[in-house]
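One structure is given here, and the rest of the page talks about it.
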Amino acid sequence: MTVSFQIFFTLFVQMMKSKADEEDYWNSSKFKAFTFDDEDDEFSTLKESKRTVNSIRCLVEEDDDKEEVEKVSWNGEPVSSKTLLWLLKQMFSIVVSLEKFRSLQDKLLLLDSCVAAHDGNVITAVLIYLKRTLSKEVLFRELEPRQTALSHLIHYLTETRDQRLLLELYTCLTCFCFQLLQYKEHLSIADENKRRDFLKSCLSLPFSPEDSSHVQDHYTLMERQVIIETTDRRAERGEKVERALILNMPLITTLSYCCLYHYSESEGTFSSPLNIRQTFKISEKQFFVTALGARAKLKAWSDVDALFTSRNWLGFTRKKSPLGFQRVVDILQKNSAPTQVLQDYVALVDDAELRITLAQKHKCHDIVINTYRDLKDRQQLLGYRGKVERGSGEERKIDELLNNLQIRWKN
Amino acid sequence: MAHSARRDCPELPDFSLLKRLARDRLIYLLEQLPGKKDLFIEADLMSSLDRIANVSTLKQHEVDKLYKVEYRPVVSTSDQLCFLIRPRIQTVKWIYVANADKAVGRLRKYHIIFTPQKFFACEAVLEEQGIFGDVTTDEWSFYLLPLDDDVISLELPEFFRDNFLAGDQRWVRTAGSALHLLHTLYGPFSKVYGIGRFSKMAYESWREQVEEGEQRARQAEIGTVFLIDRDVDYVTPLCSQVVYEGLVDDIFRIKCGCVEFGTEVTSDKSLKVMLNSQDKVFNEIRNEHFSNVFGLLSQKARNLQTAYDKRRGMDIKQMKTFVSDELKGLKQEHRLLSLHISASESIMKKKTQQDFQELLKTEHSLLEGFEIRESICFLEEHIIRQVNMMESLRLLCLLSITENGLLPKDYRSLKAHFLQSYGAEHLLTFSNLRQLGLLVEQPAGETLTVMESRVGKLVNDKTAGKLTGAFSSLAKKSNFRALSRKLNLVPKSDEEYDLRVPRDMAYIFSGAYVPLSCKLVEQVLERDGWTGLEEVTKLLNGQEFAVTADSSTKSDAQRIVIVVFLGGCTFSEISALRFLGREKGYKFIVVTTAITNSSRLIESLLGNIKGSD
């Protein structure tokens, strides 16, 4: 393709330089050529060059005539557009020297015409040519104000995995964030130690303050994961239990792992959940949710209970939860918590309607019964009688309540 | 279907011609390579190829063995290797790696067929590796695959990422060529409307191709075209789908009109099923709101039972007729019915598990603009609980677009939670989403006017080259609320909305929201242009156009409208357009660069995949 472009440019330039003689012709023929010396305004030039670019396309799409090598010399007389195209095709396989077409101005005008034609394929082709024939500094400088061409070059360099040049480009242009590009490289590093060290090197990159702390956390986490992994694998060799690998896992997954296997450790160890909470400044809610899920998975109901307990100033304990109790019930239920555990938490749901729905869903009969009693809803209680087991304690309780003359039912 | 079409609806043209053309072209290309050859096909192309030419056709043209392109050393004993691939640099690089033959001294013929077209960059790679002469190349100009009677796909999912994220216009001409093909075979088009940067470019590319080619006078079967960029309406693809076909796509992922139902549906072994109008059962429920589906299926089951029961009173002769004429059809219907009932049950189960109701409630709040803080709380909890990464991202984007960006404190907090729950490497994902304007921070209050005026000037500046990447997303403010008000996208919620007999396109989202893209189509067709929609187009950042050809005669063909989605289209939008067509007497043909949904859209923007651009 490069060869064909060179020929085309050369021929083109030859024709353009003789423009003065063919003024009449160019104005009347269908083929409107591109004149570099034109004083027309930008837009009409671009429009014309669009058509020029189309002929580039025609030229390189119909390349079946590659075999025909003919020496064709052009005597400078006007040619019709059809002949012109044929001529260009013939020139396809002829090697012509480049001395006529080398100026930066010509190259840029060509690039701009291609951009105006909105064909990414052609834009990239021209960029490949420019990349080969211009120094990096000149290329980058000229592309900086040319957003579309720049995007194409970046995409091309990404696809050819030319990381080095891409980084140079990003560093050179002020509006792009090369630090993210650099950071991205960590994904290609398989070995955990190397990846950790690479992340460390990313810390010095000029991220925004916010992103800086994220990258810092990433590094700290990776460092810690490596330590925990090594320690745990070593310890595991005695046991048969296969634990999930936490390398490259997100922070919360790591926390969950530590809540599963290192829950009771003191705050001094790397794998202690409390230590992780402190190091990464994990919110109370987040910690609560993760610990809840982990302990529920292990069916450690007393640990679950302990998460809620808090003392008020009078020394009484009440259950406090950063998460709505219906959500808590949801999580417990997903971990197959037994009814007697579930009902403790269903009972704590504030909203009566919601409480009843949940209680019914999880068959916490006592709660349903008590709630209907509290709401003084006779009808509902009667209706619920049919849902409990015949002859059960619940049925008896319902009957007792229904027969209780002291309750002022509302219906 | 629950609703009948207007009697004056025109007929759809026959698109099987597109398949025949593609097949003939491929056969021609294969015949250029005489002798036995092994064919390597890119995974993405296999399903498309399957619809065009099956294995026996290929074998008829001396294709010996078929392999999938996998980035592994080639194991083949054939002397001729043929590769059918998309023009990607990495694939071409793999091919010459496989060409290690040269070093070994073995001479094999290598032939690459690029589809739908060759790119210079790929040939440059061949040249760089010094094998440009050893490898022959060709183009299989297979642009359009009919997925159904009224849906045609370019099967180019990469269009979205390449154009919108990377800013690479490589597929613009492809889109133009696809249009040109349709224009040549089914046109000439007399009216073209469009909105969006790439729509404009594709239109111009098409016009150039029309001028380059020969004009043949023919009776137009399709008269109108509407082009729309995906980024004109990001809200619709981010919403959960609740029409049957959309749900099946969201849950089971339909590929090339085909879906694989696993054992949770079939209870036996997994089954690959074609989903199109040929499946009579599917055709009746595909556009229905899911709440309707069970009802319709039960009704069908009852009808089926009645039909079976007919045979009770039959004599031998009648029975024979019954068996030869009807039984097969009934059995087929029975099979399909069971399949869709099982699929529906599976969908129900999955959605109940996922707290779908709560999710939809949050979505609807965001669309309506109510209880935003509650939605943000829900979203925060969703992220904290590590429920589902894609779902979290989707909701984050929906929140950002509907609210014109997140408050800085919310943005920071939700981003931090997200990175903690799903991995710090999603810094890259957030960067991509910010670039597209899908997930952004509201700029700080005082600087807004300065920024706005500066950016506003840049947007109006015709030489778009002056816009740098950092500004381009700011330039495209979302303006969803304003658009929603002007176009009445969120119907009043006080009246009862009957999903069985819908009164407008909002039914596809349970009455909560009329898809913006489809609403634009409706309005422009009604007004025959953009007059009266100036405020709307301003909110959409302009780039609208309308062109009418000289022929002023109103023909039936003008009521057959091609809607071209550049960047992808969802099944929900297709259902909405079908509804619109029945209402107003149009027949819509959806041409899309690919079928999309929220998962595919977000997946294409994830930044944590190594080696992706």
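The values are calculated or read from the model by the stated rules, or taken from the named source; none is laboratory data. The structure displayed is predicted, hence computed values, not measured ones. Cβ placement follows ideal geometry from the backbone for every residue including glycine, while neighbour counts extend to all protein chains displayed. Protein only, heavy atoms only, side chains kept; ligands, DNA and RNA dropped before computing areas. Shrake-Rupley method; radii C 1.70, N 1.55, O 1.52, S 1.80 Å.
Taking residues in segment B:196-220 that are more than 11 Å from chain A (Cβ to nearest Cβ) and more than 14 Å from B:Val564 (Cα to Cα), and partners anywhere that are open to solvent by 30 Å² or more (accessible area, probe 1.4 Å) and hydroxyl-bearing (Ser, Thr, Tyr), the pairs with Cβ atoms closer than 8 Å and at least 6 places apart or on different chains are B:Gly213/B:Thr184; B:Arg216/B:Thr184; B:Ala220/B:Ser555.
Scanning segment B:499-521 for residues that are in a helix (DSSP H, G or I) and in contact with a helix residue (DSSP H, G or I) (Cβ under 8 Å, 6 or more places away or on another chain) turns up B:Met505, B:Tyr507, B:Ile508, B:Phe509, B:Leu516, B:Ser517, B:Cys518, B:Lys519, B:Leu520, B:Val521. Residue under question is B:Leu17, and the condition is that it be in a helix (DSSP H, G or I), modelled with pLDDT of 90 or more and not small (Gly, Ala, Ser); does it hold? Yes, satisfied.
Considering segment A:204-223, and only residues there that are of a type in the set (D, E, K, R) and within 7 Å of another protein chain (Cβ to nearest Cβ), the residue that is nearest to the chain's Cα centre (by Cα) turns out to be A:Asp211. Would you call B:Arg311 under 30 Å from B:Pro502 (Cβ atoms) and open to solvent by 70 Å² or more (accessible area, probe 1.4 Å)? Here the answer is no, as B:Arg311 does not meet what is asked. Among the residues of segment B:175-195, are any within 30 Å of B:Ser604 (Cα to Cα), touching a residue at least 60 places away in the same chain (Cβ under 8 Å) and part of a loop (DSSP other than H, G, I, E, B)? Scanning segment B:175-195 turns up no residue that is within 30 Å of B:Ser604 (Cα to Cα), touching a residue at least 60 places away in the same chain (Cβ under 8 Å) and part of a loop (DSSP other than H, G, I, E, B). Checking each residue in segment B:594-613 for being polar (S, T, N, Q), touching a residue at least 40 places away in the same chain (Cβ under 8 Å) and either within 14 Å of chain A (Cβ to nearest Cβ) or open to solvent by 20 Å² or more (accessible area, probe 1.4 Å) (or both) picks out B:Ser599, B:Ser604, B:Asn608.
Taking residues in segment A:317-345 that are within 14 Å of chain B (Cβ to nearest Cβ), and partners anywhere that are β-branched (Val, Ile, Thr), the pairs with Cβ atoms closer than 7 Å and at least 6 places apart or on different chains are A:Ser321/A:Val328; A:Leu323/A:Val289; A:Phe325/A:Val349; A:Gln326/A:Val349; A:Val329/A:Val346; A:Leu332/A:Val341. Considering every residue within segment B:429-438, establish whether at least one is among the hydrophobic types (A, V, I, L, M, F, W, C), over 23 Å from A:Lys281 (Cα atoms) and not in a helix (DSSP H, G or I). Within segment B:429-438, one or more residues are among the hydrophobic types (A, V, I, L, M, F, W, C), over 23 Å from A:Lys281 (Cα atoms) and not in a helix (DSSP H, G or I).
Within segment B:16-64, the residues that satisfy the criterion of being among the hydroxyl-bearing types (Ser, Thr, Tyr) and within 23 Å of B:Thr91 (Cα to Cα) are B:Ser47, B:Ser48. Beta carbons closer than 8 Å, at least 6 apart along the sequence or on distinct chains, never pair a first residue in segment B:120-132 that is more than 10 Å from every other protein chain (Cβ to nearest Cβ) with a second that is open to solvent by less than 10 Å² (accessible area, probe 1.4 Å) and assigned to a loop (DSSP other than H, G, I, E, B).
Can you find a residue that is free of Cβ contacts under 8 Å to residues at least 40 places away in the same chain and either within 24 Å of B:Pro87 (Cα to Cα) or at the interface with chain B (Cβ under 9 Å from one of its Cβ atoms) (or both) anywhere in segment A:224-234? Looking through segment A:224-234, none of the residues is free of Cβ contacts under 8 Å to residues at least 40 places away in the same chain and either within 24 Å of B:Pro87 (Cα to Cα) or at the interface with chain B (Cβ under 9 Å from one of its Cβ atoms) (or both). Applying the criterion of being at negative phi, assigned to a loop (DSSP other than H, G, I, E, B) and modelled with pLDDT under 75 to the residues of segment B:95-134, the residue that is most open to solvent (accessible area, probe 1.4 Å) is B:Leu107. Based on what the data block shows, is B:Thr548 open to solvent by 30 Å² or more (accessible area, probe 1.4 Å) and closer than 28 Å to B:Gln215 by Cα? The answer is yes for B:Thr548. Among the conditions (1) open to solvent by less than 10 Å² (accessible area, probe 1.4 Å); (2) closer than 16 Å to B:Tyr193 by Cα, B:Met505 misses just one, which is (2). Residue count for segment A:278-299, restricted to those that are in a helix (DSSP H, G or I) and surrounded by fewer than 20 Cβ atoms within 10 Å (Cβ to Cβ): 6.
Of all residues assigned to segment B:584-600, at least one qualifies as being part of a strand (DSSP E or B) and either over 14 Å from the mean Cα position of the chain (by Cα) or closer than 24 Å to B:Asn404 by Cβ (or both). Of the residues in segment B:144-154, at least one is in contact (Cβ under 8 Å) with a residue 60 or more places away in the chain and either within 14 Å of another protein chain (Cβ to nearest Cβ) or in contact with an Asp or Glu (Cβ under 8 Å, 6 or more places away or on another chain) (or both). Would you mention how many residues in segment B:394-411 are within 14 Å of chain A (Cβ to nearest Cβ) and either in contact (Cβ under 8 Å) with a residue 12 or more places away in the chain or polar (S, T, N, Q) (or both)? Final tally of qualifying residues: 4. I'd like the residue in segment B:413-443 that is open to solvent by 10 Å² or more (accessible area, probe 1.4 Å) and of a type in the set (Gly, Ala, Ser) and, out of all such residues, is nearest to the other protein chains (Cβ to nearest Cβ). Ranking the qualifying residues of segment B:413-443, first place goes to B:Ala424. Counting only residues that are closer than 22 Å to A:Tyr170 by Cα and of a type in the set (Gly, Ala, Ser), segment A:106-139 holds 3 of them. One residue is enough: does segment B:457-471 have a residue meeting the conditions modelled with pLDDT of 75 or more and either in a helix (DSSP H, G or I) or surrounded by 19 or more Cβ atoms within 10 Å (Cβ to Cβ) (or both)? Checked segment B:457-471: no residue is modelled with pLDDT of 75 or more and either in a helix (DSSP H, G or I) or surrounded by 19 or more Cβ atoms within 10 Å (Cβ to Cβ) (or both).
Restricted to helices (runs of 4 or more DSSP H) entirely inside segment A:122-201, those with at least 2 residues that are open to solvent by 30 Å² or more (accessible area, probe 1.4 Å) and at the interface with chain B (Cβ under 9 Å from one of its Cβ atoms) are A:147-159.
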